[in-house]
Every structure is written in C-alpha cells, then in structure tokens.
Amino acid sequence: MFRHKPGSVTEELQLVPPSKLAIEEVSKSFQSASGTVLALDRVSLNVAEGEFVCLVGASGCGKTTMLNIIAGLEKPDSGRVLANGKPVTSPGRERLVMFQEPALFPWLNVFGNVLFGLNLKPNLSKKDRHDVAKYYLELVGLSRFERANIHELSGGMKQRVSLARALAPNPRVLLMDEPFAALDALTREQLYGDIQEIWKARRKTIVFVTHNVREAACLGDRVLLFSPHPGRIQEEFAVELPRPRDINSVDLAAYATRITKALKSLGQIAAG
Amino acid sequence: MKRFFLATVFFAVLLLLWDAAFRARIWSPVLLPSPWQVASYLKNAAVDGTLFKATVITMRRLLIGYFIGLFVGLPLGLLTARWKLFGDTIGTMALGLQTLPSVCWVPLALLWFGQTEAAMLFVVVMGTLWSVVIAAETGVRNVPPIYRRAALTMGSKRLHMWFKVILPAALPFIVSGMKQGWAFAWRSLMAAEIFVTILTGFGLGQLLHYGRELSAMDQVIAIMLVIVVIGLLADKIFFSPIEKFLHRRWGTSQA
C-alpha cells in the first residue's frame, strides 16, 4: 500500500524497549498563601520496564507533582529520578505526557497535532512522518478525523488525539495525568479497553495518575496510594487480574473496595 | 442575498434622508451640499486624477508607516513579554505612550523634521507602534502555559518554541493588535496630513484640509467618504479573511 523505501517507517514503528524508572528520595515543597506545603516527602519508587503503575490519592496529594518531576517539567528540591539509570534533568521525548486539560494545539488540525512531536524527531523524511502519524491515528480509531479542527472533537476524541500525539514519537515512558477525569462514564469505559489494547500493542512503561480507585484497579499492574501533607506513598497493591480487564467485573470491584478502604483509613474520601 | 438587500435599502434610505434634508433648506447649501453635488465632485476628481493621486500618496505613507510599526512593534512586544527588564522599561513606556492621542505627536514632529515626509512618517509610526507592542505582549502572556509544557515534553525549544508554539498560540491577539494598529495608523496619518502641509505630495488629508480652506463642503464630505470606504475595504479585504480563518480553527464565535 505504501510506496516508500523499506526501512525507516517500519523502523520508526518498531517497539522501543520501555524504560525502567527509579525515583530516589524525591522531595518537593511549594510556597503557598498559607505557608510552605511539602508536596512530596522523600518519595521513592521503582517502576519496571513496561509496567503500568497507577498513583491514587485525593487532589493536592502531590501525585501530579510526582508526574511532572518524572517528566522533567519540574525539578525536585532533593532526590533524583533515573530513567534507565540516567538522571532526568529536563523534559525529553523519551517520556511523554498526556495532560488532564486538553493540551492540543488549536492552531493545528488533528493531523498537525499528531505530527508535532514527529517533526521534532530528526532523520525522518516528510513521508515517513506522515505515515507514522496515520498509523497512530488509526490505532486510536480517528483516521476519519485527521483534517478536523480540535474544537470540532468531543472530549473523548480529544483525549484520543492526545494519546496519538504522545505515542507518535515512540517514547519509552508514557505519563498520564488524570487523562479521563473530565469524560463521561461511557466514553471512559470505552477508553479503558482501548488503552489496555494499545499498551499491549505498543509496550510502554506507564505512570498513570488518578483519583478514581476503580480506574486504577482496572488499568494498573500496581496501585500506589498517596497521602497528602506531606505527600508520601502509603500503601501498595498489586492487582493480579488477567487482561483485558473489565471495569465492571466482580473481581475488580473487590480490589477497588480494598483500595478504597485503605484510602479511607488514610482519612481521604475517594471518588468513584 | 437577503442581507445584501437589507443593507442596500439601509444605505439608500440614508441617502434619501440626506437629500430630503438638503431640499428642505434647513441649512445653507454651503454647509450641507446635496448628495449629487458630492457625487459630481467625486466624479470630476476621479476623472482629472486628483483623487487617484491623493489616494496613492496617502496609501504609500500609510503602508510604509504601518509596516515599520509592525516590524518594530512585534519583536518589541515579544521581548517585553519574555524578559522582565524589557517589560518594566519598554512595556511601561508603550503603555504610557499608547494613551497619547497620535495627533499629539504632530507638534513635536513638525519641530523636529519640519514640513517633510519624515514628519508624516514619524507620526504614523508613533501612532501604530505602541498598540502593536502591547497587543503582542498581551498575546504572548495569554498563551496557556499547558501548550508550552506539552511542547517542551515533545522536545520543542527556543526558536522552535517561539515560532511553532508561542506565536501561533498568540495569533488571535496579534491579529487583533495588527487591526488596531492599522486603525491607529490611519487616524494618525489623517491628523498628520491635515496639520502638515507639505509640497512633496497632496494626500487625502490635505485635500480635506483645502476643502475647508475653500469652504468647499462637497469636497470635504466626498473626501471623508473616500476615507471611510478605504477603511472599510482594508477591513473586508485584508483582516476579515484572517479573522474568519482564526474563528474556524479556534472555534470561537462566528459573528
């Protein structure tokens, strides 16, 4: 179907080995109106290659700060983050972020948004970039909308485009910051299935931040509970259920109940 | 089609009212000429070339001044948004000078440059520049930080960040700033042409001025009409398509 030199596109679409992450004694505090807030207090965490880890906690418990530090968008006050053994000092396309708010660029159409990260990758021809972008739009099921403007998309479609844009440069780590929080339940359920499939197909290390316990139990290999003030990891649950998981299954509900109970004992009321 | 029809009716009624006022002889015909007198002045001025020459001279001054204002103003605006030092200095100065009506530059320009083209240009540039600086600065400051963060993670930096993220994101502000700059340039040029009578060329403003000197009300009204029409055309031909594109892309309200 595509007439191009064999090699570059297939090479570009090849699976890259996912990174392992090591977060070592990371602390971070902010100045706020009511004084200094310790957002993260000597947090340590290891994430294996290709693992799907969910960080759960109430709003303001520092989980988003943790994600930003892994992304390299914020610097920790002390401690460090290692990706495949190398310290993270700045943002880079090895670790791409999917934000909660729509971070798609309104001046580009859907295709232009997916191309954005690819255009910053050297050693690709224009045709290669286009083919790669098409592949990822197909993967998220939006091939038909490549010429659409961003404001014409529904919330769920926007997050699919965000996902395609984050996947396109073929990162080793995907960082997701409550990506489905603003969507309706039906759209969310569909995306849970899709994200599991895509994770299986593209094999990334994923750190997923959410305040929705069921969502965390459905997606994560491990669920980590964060407590606020100061932000710490309090408890850890390994979810040993076969995939793909159904958000409505009874086994999953049992996990969610356990995790919710633990959250409540931390004095946090969990939503969902 | 219906909209076009209604608009035509509106302007026709306006003309009829004007004509009726003229026929009623409430005011002296010297003060209020009939629409036909104005039309005949326009026809004569168009035939003998005065109108065309004056328009060309005015447009040349306007475009040169406007583009100088843009080319200096845009980068200055970006600098003031990017660095505190520029914001505190040039930003504050722009804010202050923008409040100064552009006709206030005329006495200074006359004393510095005399009755020259340079005086004219100076007034136009001063009228345009500061509003462009402020529009560009506001535009950049209003870019949602999430765009920068998203672009950073994808490896965008420095020039790429400016040209592919910050400038496009600020485009709606920059375009409305360009439009405002155009309006200001137009106003300042008319002020300059009315006050600065120079021999290097008669612009529309000067025709207006001599209309007054000669008490030729048909000329005064006709030239005012031409000035209005040029302003309208610039908007419809140049700015409207850009704004339509922005509305379509951004999904902002389509008026």
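Where a number appears in this text, it was derived from the coordinates with a stated rule and is not lab data. Values in this document were obtained by computation on a predicted structure and should not be read as measured data. Neighbour counts are summed over all protein chains in view; Cβ atoms, including those assigned to glycine, are modelled from backbone coordinates with ideal geometry.
Quick one: net charge of residue B:36's neighbours, Cβ under 13 Å, K/R +1, D/E -1? So the surrounding residues net to 0.
Please arrange B:133, A:110 by how many other C-beta atoms lie within 10 Å of their C-beta, fewest to most. It would help to have the intermediate numbers written out before the result.
Numbers: B:133 31, A:110 27.
So the ranking, lowest neighbour count to highest, is A:110, B:133.
Taking chain A as the reference, fit the longest principal axis to its C-alpha atoms, fit the long axis of helix A:185-202 to the helix C-alpha atoms, and give the angle between the two in degrees, 0 to 90, nearest 10. So the helix axis and the longest Cα principal axis differ by about 70 degrees.
Just checking the listed ones, B:24, B:54, B:135: in the Gaussian network model of chain B with Cα springs under 10 Å, the one fluctuating most is B:24.
Placing one identical point scatterer on every Cα of the protein assembly as shown and ignoring solvent, what is log10 I(q)/I(0) from the Debye formula at q = 0.07 Å⁻¹? Computed log10 I(q)/I(0) values: -0.59. 3J(HN,Hα) along the range B:12-22, derived from phi through the Karplus expression 6.51 cos²θ - 1.76 cosθ + 1.60 where θ = phi - 60°, amounts to 5, 4, 4, 5, 4, 4, 4, 4, 4, 4, 5 Hz, with x in place of Gly and Pro.
Grab the other residues whose beta carbon is less than 11 angstrom from that of residue A:213, score K and R as +1, D and E as -1, and report the net.
Net of charged neighbours comes to +3.
The order of B:244, B:84, going from fewest to most other C-beta atoms within 10 Å of their C-beta, is B:84, B:244. Amide hydrogen proximity for residue A:235: with H placed 1.01 Å from N in the peptide plane, the residues at 5 or more positions away or on another chain lying under 5 Å are A:225.
Comparing A:95, A:129, A:243 in a Gaussian network model of chain A (Cα springs below 10 Å), the most mobile by mean-square fluctuation is A:243. On a 23 Å Cα-Cα criterion, which of the cross-link pairs A:127/B:164; A:20/A:200; A:20/A:75; A:28/A:204; A:75/A:121 come out too long? Cα-Cα > 23 Å for A:28/A:204; A:75/A:121; rest within.
Each residue of the range A:237-246 was assigned a 3J(HN,Hα) from its phi angle through the Karplus expression (A = 6.51, B = -1.76, C = 1.60, θ = phi - 60°), giving 10, 8, 9, 9, 10, x, 10, x, 9, 9 Hz with x at Gly and Pro.
Beta bridges per DSSP, both residues in the range A:8-265: antiparallel share near 55 percent.
For the range B:25-77, chymotrypsin sites (Phe, Trp or Tyr not before Pro) are listed when DSSP marks them as loop and at most 15 other Cβ atoms sit within 10 Å of their Cβ; the list is B:27.
Please state the shape class of chain B: rounded when a/c is under 1.5, otherwise prolate if a/b exceeds b/c and oblate if not, all from the C-alpha gyration tensor.
Here chain B falls in the oblate category.
Note on the protein assembly as shown: helix-only mean residue ellipticity at 222 nm, from DSSP H runs of 4+ residues weighted -39500 (n - 2.57) and normalised by residue number, equals -17500 deg cm²/dmol.
Note on residue A:14 and residue A:138: with the Förster distance fixed at 30 Å, the Cβ-Cβ geometry gives a FRET efficiency of about 0.95. Ordered by the number of other Cβ atoms lying within 10 Å of each residue's own Cβ, fewest first, B:102, A:143, A:32 fall into the sequence A:32, A:143, B:102. For the range B:186-191, backbone phi angles converted through the Karplus equation (6.51, -1.76, 1.60; θ = phi - 60°) give residue-by-residue couplings of 4, 5, 5, 5, 4, 4 Hz, Gly and Pro being listed as x. Compute the long axis of helix A:155-167 from its Cα atoms, compare it with the longest principal axis of the Cα atoms of chain A, and write down the angle in degrees, 0 to 90, nearest 10. With rounding to tens, the tilt is 80 degrees.
Any idea what angle helix B:117-141 forms with the longest principal axis of chain B, computed on alpha-carbon atoms, 0 to 90 degrees, nearest 10? Helix B:117-141 and the main axis of chain B meet at about 40 degrees.
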